[in-house]
């Protein structure tokens, strides 16, 4: 299984929760030796949050990527993308943005909607604990809702890449919430992988997890091995929010996928 380490499919700029302008991210990618990048700021969301793009900025975002494509032509390939959330209660909102036309759309689950309110899956640990409380501390039920949401995103046909598949383990250090060996957990993941295979989507290996509390990539190596068995293609994403972290930890991908 060959993975292109010269392409970064996942990054953020000041249009969402990144700290740098688009041109600064592109220049850093060139200096890092990357040959292609996809800019994937968080899609505008129909509820209050601290990380997504403002709806009024989406045309400016598209325009600035187009300007960068012309400015850096011949130096690097720049693709226009978004990191999407599949929000079933806001289906019309999701489709209206997806239908604008993009090179790549990452399907991610950052929040679960409960009683029309979003609760973060991959925020701080205190925020995750609030989500756990909303599920009456039934972590199996929480995981089931999470993976069902990923599955619905894959089956929607809107997206081409599944991003940080198991990000709900972000704070699962020392298996404080669940064990990935639990049969019910493995069954949920396997079902999700089968759906990803059926839809022909790619799966991101997100290297930002090495910098998170869990200290591992998303998804776990056993999930990567199961994806290899199903011939699911992989892409690499740094999930960078600043120029210096573009391509972060890409050198670790050999041990994760090529030698499975």
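Residue 163 - would you say it is surrounded by 21 or more Cβ atoms within 10 Å (Cβ to Cβ), touching a helix residue (DSSP H, G or I) at 6+ places or on another chain (Cβ under 6 Å) and either under 20 Å from residue 42 (Cβ atoms) or at pLDDT 95 or above (or both)? In short, no. Filter region 228-248 for residues that are in a helix (DSSP H, G or I) and more than 22 Å from residue 16 (Cβ to Cβ) and give the result. Correct list: 228, 229.
Scanning region 98-117 for residues that are out of contact with any strand residue (DSSP E or B) (no Cβ under 7 Å at 6 or more places or on another chain) and under 25 Å from residue 63 (Cβ atoms) returns 99, 100, 101. Pick from 185, 251: which is in contact (Cβ under 8 Å) with a residue 60 or more places away in the chain, in a helix (DSSP H, G or I) and out of contact with any strand residue (DSSP E or B) (no Cβ under 9 Å at 6 or more places or on another chain)? Only one candidate qualifies: 251.
Total residues in region 201-227 satisfying the condition of being touching a residue at least 40 places away in the same chain (Cβ under 8 Å) and assigned to a helix (DSSP H, G or I): the figure is 6.
Among the strands (runs of 3 or more DSSP E) confined to region 53-115, the ones with at least 1 residues that are surrounded by fewer than 15 Cβ atoms within 10 Å (Cβ to Cβ) are located at 111-114.
Looking across region 67-93, the residues that are modelled with pLDDT under 95 and more than 21 Å from residue 204 (Cα to Cα) come down to 88, 89, 90, 91, 92, 93. The residues of region 26-38 that are surrounded by 24 or more Cβ atoms within 10 Å (Cβ to Cβ) and under 17 Å from residue 250 (Cα atoms), listed by number, are 29, 37, 38. When residue 238 is tested against (1) within 30 Å of residue 138 (Cα to Cα); (2) buried (at least 20 other Cβ atoms within 10 Å of the Cβ), only condition (1) is not met. Of the residues making up region 127-134, not a single one is touching a residue at least 24 places away in the same chain (Cβ under 8 Å), assigned to a helix (DSSP H, G or I) and within 16 Å of residue 45 (Cβ to Cβ). Here 158, 193 are screened, and the one residue that is within 22 Å of residue 41 (Cβ to Cβ) and either modelled with pLDDT of 95 or more or in a loop (DSSP other than H, G, I, E, B) (or both) is 158. Counting only residues that are in contact (Cβ under 8 Å) with a residue 40 or more places away in the chain, touching a helix residue (DSSP H, G or I) at 6+ places or on another chain (Cβ under 9 Å) and under 21 Å from residue 198 (Cβ atoms), region 228-248 holds 2 of them.
Checking 141, 191, 170 one by one, the residue that is out of contact with any strand residue (DSSP E or B) (no Cβ under 7 Å at 6 or more places or on another chain), exposed (fewer than 15 other Cβ atoms within 10 Å of the Cβ) and touching a residue at least 24 places away in the same chain (Cβ under 8 Å) is 191 and no other.
Scanning region 99-120 for residues that are under 16 Å from residue 39 (Cα atoms) and either modelled with pLDDT under 95 or under 15 Å from the mean Cα position of the chain (by Cα) (or both) returns 104, 105, 106, 107, 108. The condition of being modelled with pLDDT of 95 or more, in contact with a strand residue (DSSP E or B) (Cβ under 8 Å, 6 or more places away or on another chain) and either more than 28 Å from residue 104 (Cβ to Cβ) or loosely packed, with under 14 Cβ neighbours inside 10 Å (or both) holds for residue 134.
The values are calculated or read from the model by the stated rules, or taken from the named source; none is laboratory data. Since this is a predicted model, take the numbers as computed values, not measurements. All Cβ positions, even for glycine, are placed from backbone atoms using ideal geometry, and neighbour counts span all protein chains on display.
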